[in-house]
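Structure record follows, encoded as C-alpha cells.
The values are calculated or read from the model by the stated rules, or taken from the named source; none is laboratory data. In this text the structure is predicted, and so the values were computed from the model without any measurement. Heads up, the Cβs are rebuilt from the backbone with ideal geometry, glycines too, and the neighbour counts pull from every protein chain shown.
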Amino acid sequence: MQAFARLPVLLDRDAALIHRGRFLDADCLLGSTVQSFHVAIRSGRIVDMVPAPILMRSWRFAYRATPQAWTAFWEPVPKAGWHDLLSLTKRGEAALEGDIQPFMTNLQYFKDVLALPRSQGAAS
C-alpha cells in the first residue's frame, strides 16, 4: 500500500505531531494484513521503514488491518466505526498484537500518524 510508504514524509511535515511523540522510541509492525512494514520510531520520527517480513527482525507490537479497512479509514470523512483504530479492532477488521503498552501510551500519536494519508486522498 503506497499510503504507508508515504508516512515518513507526511510525518516529517507535521512538527506538532513529531513533538507529541518526542518521548517515543519503538520498533513496531504496521500495515495491512497483506503487506506490513517494520517501522522504527525514534523521538517521534519514523527513521526506518521497510517491507516485512524480515527474518530475525523484532518488533514490540503490531497493528495490522485489512486493505478494505484502511481504504475506509483513509476516506476524508470516514463513516462511523471506520474512523478510529480501536473501532477497526472492535469490528474485527484489525488486530493489535504484542506488547501494546507503547501503543496505548501514545495512542493519540498513532491515531494521528496513521490518519495522515487522509489529507493526501489515499482512499481514492
Selection from the stretch 49-60 of residues free of Cβ contacts under 8 Å to residues at least 40 places away in the same chain, within 23 Å of Met104 (Cβ to Cβ) and surrounded by 12 or more Cβ atoms within 10 Å (Cβ to Cβ) yields Ala52, Arg57, Trp59
If I filter the stretch 85-102 down to residues being charged (D, E, K, R) and surrounded by fewer than 17 Cβ atoms within 10 Å (Cβ to Cβ), which single residue comes out as nearest to Val34 (Cα to Cα)? Glu97
Among the residues that make up the stretch 61-82, is at least one of them over 20 Å from Leu10 (Cβ atoms), free of Cβ contacts under 8 Å to residues at least 60 places away in the same chain, touching a Gly at 6+ places or on another chain (Cβ under 7 Å) and surrounded by 12 or more Cβ atoms within 10 Å (Cβ to Cβ)? yes
If you take the residues in the stretch 80-106 that are part of a loop (DSSP other than H, G, I, E, B) and among the aliphatic types (A, V, I, L, M), which one is modelled with the highest pLDDT? Ile100
Within the stretch 44-79, how many residues turn out to be assigned to a loop (DSSP other than H, G, I, E, B), hydroxyl-bearing (Ser, Thr, Tyr) and either under 20 Å from Arg6 (Cβ atoms) or within 11 Å of the chain's Cα centre (by Cα) (or both)? 1
